[in-house]
Amino acid sequence: MKKVFPTWVVESRDENLLQDFNRIRELAILMTEDDQKDEFSKINKQFCDKIREDFEMTGIIGFLRDKVDKDILYVVEYEDVPATEDNHYQQLMDEETNRPYILVEELKPALLM
């Protein structure tokens, strides 16, 4: 697995975005049953697609709350990892650099014939 760090970080104080983000986090807590996970995944994907469209991003995105000012939400983009219908990643924090990252499988070069 390879660590991929974000290529862009956008700071937002948009109240609607913060409210939507908080609703998605609440749904994540409430929709934990197996039969609800697919529905939550669809809702979360729609939210992320809308954010990508609003910020003109094409890669995987993640979110971070400011530790001090709770009215700030950071949208982080992993531009090198295209967002597709099927990919889902967990965002982690690098303890040494205090930066977010995701883990992706390293692509193997195609075999030449």
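So which residues in the range 89-102 are modelled with pLDDT under 90 and surrounded by 13 or more Cβ atoms within 10 Å (Cβ to Cβ), if there are any at all? Scanning the range 89-102 gives a single hit, 89. Taken over the range 42-68, residues that are at pLDDT below 90 and within 12 Å of the chain's Cα centre (by Cα) amount to 0. When residue 8 is tested against (1) within 20 Å of residue 101 (Cα to Cα); (2) modelled with pLDDT of 95 or more, only condition (2) is not met. For the range 53-76, a residue qualifies if it is more than 18 Å from residue 13 (Cβ to Cβ) and touching a Gly at 6+ places or on another chain (Cβ under 8 Å), but none of them does.
Conditions (1) exposed (fewer than 12 other Cβ atoms within 10 Å of the Cβ); (2) at negative phi; (3) without any contact (Cβ under 8 Å) to a residue 60 or more places away in the chain, marked per residue:
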| position | (1), (2), (3) |
| --- | --- |
| 7 | no, yes, no |
| 15 | yes, yes, yes |
| 19 | yes, yes, yes |
| 24 | no, yes, yes |
| 32 | yes, yes, yes |
| 35 | yes, yes, yes |
| 52 | no, yes, yes |
| 57 | no, yes, yes |
| 61 | no, yes, yes |
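The condition (being under 24 Å from residue 4 (Cβ atoms) and out of contact with any Asp or Glu (no Cβ under 6 Å at 6 or more places or on another chain)) is satisfied by just one residue among 46, 19: 46.
The values are calculated or read from the model by the stated rules, or taken from the named source; none is laboratory data. All figures in this text were calculated on a predicted structure; none of them were measured in a lab. Methodologically, a virtual Cβ is constructed for each residue, glycine included, from the backbone with ideal geometry; neighbour enumeration extends over all protein chains shown.
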